[in-house]
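Following: one structure in structure tokens, then a few remarks.
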Amino acid sequence: MMKIQLSRQALLSELREQVKDLSEQNLLACYQCGKCSAGCPSIEAMDVMPSQIIRWVQLGQIEKALKSKTIWLCAACQTCKVRCPRGVDLARIMEALRQLVLRENVNYVHPNTISKEDLEELPQIALVANFRKFTP
Amino acid sequence: MSVLELSYMPGCTLKTKAKNFETTTLKLLELLDVKAEELPDWYCCGTTYSLASDNVMNHLGPIRTLVKAKESGRGELLVLCSMCYNTLRRAQELVRGDEEKRNKINEFMYDEETDFAGDEVRVVHLLTLLKESIGFEALKQKLVRDPGDLKVAAYYGCMLLRPREIAVDPVAEHPSILEDLFAACGVESVYFPFRTECCGSYQTVNEKQLVISRTEAITESAVKNGADLIVTSCPLCYYNLDAYQPKVAKATPGFRTIPVMYISQILALLAGLEEIQDFSLHVVDPRPVLRAKGLIGADAAPLAAGAGA
């Protein structure tokens, strides 16, 4: 079990506020039922469950969430959003977290590292969508 | 029959990797007396709807296209690609419901002659057009081939159904529009639990293992439930499910491949439009299945007299 140091500063941190503003979600609405994790099609590849990400965000543990692989494996398929009994759009929280990283001018995927074969083979929609989600 | 006219936005991939989707749809629509007029200058829809509250910029592409559609004077805009459908519909909903963002977006419309309020154009997906404007029964009248015992796995993916405000089916969690369409055409759809699950989408660029695993789960489920083909309307689902099957087969002994086709390809075949089909864009060749089911080739089965009426 990972130890979490709770603090007033973390709960009131600017990063947590930014996640709230960018996602426009009521972070405290989540009551940790785990429906999002249960239905997530990409969960097998994730290091942290989607429901844990929102719990971290609730507790102001934003840096932890930003370091997770999970936020980059979410494909915004919206399955969690349409099933959440509390009306939380977790896909927007994932997007907000990705944006916090990308807006430091960080490329999660570097367009110039895509192989020539992939550039020829992949449909444009795959590339455009990928760069939209993974580059600043 | 009077001709139904509407604007049409193909999107990027229908001109390249999904050319077979466009060709078969346009020919089919011609047969159904629908005139789909391609907008002279449509814009990239962005493919995936931006979810960050302050990112208005990414919605300009779809909104510009909607303004062009409005200026064309035709009240409806047809889209075939599921991703175009999703971004256009959601951008439209945003403009309609959020006055502040609507004003901001309209400030950027330098080259457009009119503003956009959100409700001037109806965005219709091919499925909605077939169901509501043409009618499955009228479509059935145009079919000339007998599908025999062909079984399809109707794969919705995400973009036609989520969020539910923009879904092509009123029951987004348990849709039936695709199955209803095929049933009307005499084609049996098998139920398979992965029909509305994500294929891995744009993770195909940098997380190939994830998409291989999604492809395996989805295609295996379709095969196990007795399908001969997977049918979809999303060029990205199509690509992932089709192109990754040889990779799955290599890693998983006993894996059975299954062809993936666009809705319009099947409908066009049933309507006897065999000569326009381009099977060169498929990785898993659908011809052996289609031949076995009597849908292509010299001995393609004609519909028994009176069966289509």
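Here B:LEU229 passes the criteria (1) within 28 Å of A:GLU117 (Cβ to Cβ); (2) over 18 Å from the mean Cα position of the chain (by Cα) except the one numbered (2).
Yes or no, residue by residue, for (1) of a type in the set (Ser, Thr, Tyr); (2) over 28 Å from B:PRO10 (Cβ atoms); (3) surrounded by 20 or more Cβ atoms within 10 Å (Cβ to Cβ); (4) in contact with a His (Cβ under 6 Å, 6 or more places away or on another chain):
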site: B:TYR239; (1), (2), (3), (4): yes, no, yes, no
site: B:LYS250; (1), (2), (3), (4): no, yes, no, no
site: B:LEU267; (1), (2), (3), (4): no, no, yes, no
site: B:GLY272; (1), (2), (3), (4): no, no, no, no
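Screening B:GLU188 with (1) over 15 Å from the mean Cα position of the chain (by Cα); (2) among the acidic types (Asp, Glu); (3) within 14 Å of chain A (Cβ to nearest Cβ) gives one miss only, at (3).
Scanning the range B:60-78 for residues that are within 14 Å of another protein chain (Cβ to nearest Cβ) and in contact with a Leu (Cβ under 6 Å, 6 or more places away or on another chain) yields one hit, B:PRO62. Looking only at residues of the range B:105-128 that are among the β-branched types (Val, Ile, Thr) and closer than 30 Å to B:LEU181 by Cβ, we find that the one that is surrounded by the fewest Cβ atoms within 10 Å (Cβ to Cβ) is B:THR128.
A count restricted to the range B:41-52 and to residues that are surrounded by fewer than 18 Cβ atoms within 10 Å (Cβ to Cβ) and at pLDDT 95 or above stands at 2. Among the residues that make up the range A:4-18, is at least one of them of a type outside the set (S, T, N, Q), in a loop (DSSP other than H, G, I, E, B) and surrounded by 14 or more Cβ atoms within 10 Å (Cβ to Cβ)? The answer is no, given that none of the residues of the range A:4-18 is of a type outside the set (S, T, N, Q), in a loop (DSSP other than H, G, I, E, B) and surrounded by 14 or more Cβ atoms within 10 Å (Cβ to Cβ).
Comparison of A:SER51, A:SER115 shows that the only residue that is among the hydroxyl-bearing types (Ser, Thr, Tyr) and either over 22 Å from B:SER50 (Cα atoms) or in contact (Cβ under 8 Å) with a residue 60 or more places away in the chain (or both) is A:SER115. So, B:GLU100, is that one touching a strand residue (DSSP E or B) at 6+ places or on another chain (Cβ under 9 Å) and assigned to a helix (DSSP H, G or I) or not? No, not satisfied.
Within the option set B:ARG256, B:ARG214, being more than 20 Å from the chain's Cα centre (by Cα) and at pLDDT 95 or above holds for one residue only, B:ARG256.
If you check A:VAL128, A:VAL101, A:VAL82, A:VAL106 for being without any contact (Cβ under 8 Å) to a residue 40 or more places away in the chain and not in a helix (DSSP H, G or I), only one passes: A:VAL106. All of B:GLU30, B:GLU93, B:GLU38, B:GLU22 fail the test of being in contact with a strand residue (DSSP E or B) (Cβ under 7 Å, 6 or more places away or on another chain) and modelled with pLDDT of 95 or more, apart from B:GLU38. A search for C-beta distances below 7 Å between a residue of the range B:199-224 that is within 8 Å of chain A (Cβ to nearest Cβ) and surrounded by fewer than 23 Cβ atoms within 10 Å (Cβ to Cβ) and any residue that is among the polar types (S, T, N, Q) and outside any helix (DSSP H, G or I), counting only pairs 6+ apart in sequence or on different chains, returns B:LEU210/A:SER42.
With respect to (1) touching a Lys or Arg at 6+ places or on another chain (Cβ under 6 Å); (2) crowded, with 23+ Cβ neighbours inside 10 Å, the lone exception for B:CYS158 is condition (1).
Does B:LEU14 satisfy the criteria of being aliphatic (A, V, I, L, M), in contact with a Pro (Cβ under 9 Å, 6 or more places away or on another chain) and surrounded by 24 or more Cβ atoms within 10 Å (Cβ to Cβ)? Yes. Residues in the range B:79-112 that are more than 13 Å from chain A (Cβ to nearest Cβ) and acidic (Asp, Glu): B:GLU93, B:GLU99, B:GLU107, B:ASP111, B:GLU112.
Selection of the range B:169-182 for residues being without any contact (Cβ under 8 Å) to a residue 24 or more places away in the chain and either surrounded by fewer than 17 Cβ atoms within 10 Å (Cβ to Cβ) or more than 14 Å from chain A (Cβ to nearest Cβ) (or both) yields B:PRO170, B:VAL171, B:GLU173, B:HIS174, B:SER176. Taking the range B:237-262 as the range and being of a type in the set (A, V, I, L, M) and closer than 22 Å to B:TYR191 by Cα as the test, the residues that pass are B:LEU241, B:ILE258, B:VAL260, B:MET261. In the range A:42-75, of all residues being in a loop (DSSP other than H, G, I, E, B) and surrounded by fewer than 22 Cβ atoms within 10 Å (Cβ to Cβ), the one that is farthest from the other protein chains (Cβ to nearest Cβ) corresponds to A:LEU59.
Whenever a residue of the range B:71-87 is in contact (Cβ under 8 Å) with a residue 60 or more places away in the chain and assigned to a helix (DSSP H, G or I), its partners that are among the aromatic types (Phe, Trp, Tyr) and crowded, with 24+ Cβ neighbours inside 10 Å, lying with C-beta atoms within less than 8 angstrom and at least six residues away or across chains, give the pairs B:ASN86/B:TYR49.
Among residues that are touching a Cys at 6+ places or on another chain (Cβ under 6 Å) and either within 22 Å of A:ALA129 (Cα to Cα) or modelled with pLDDT of 95 or more (or both), A:CYS80 is included.
Residues satisfying the criterion are present in the range B:44-58 (criterion: among the β-branched types (Val, Ile, Thr), under 14 Å from the mean Cα position of the chain (by Cα) and not in a helix (DSSP H, G or I)).
The values are calculated or read from the model by the stated rules, or taken from the named source; none is laboratory data. Being a predicted model, the structure only gives us computed values, none of them experimental. As a convention, Cβ positions derive from the backbone with ideal geometry for all residues, glycine included, and neighbour counts pool all protein chains shown.
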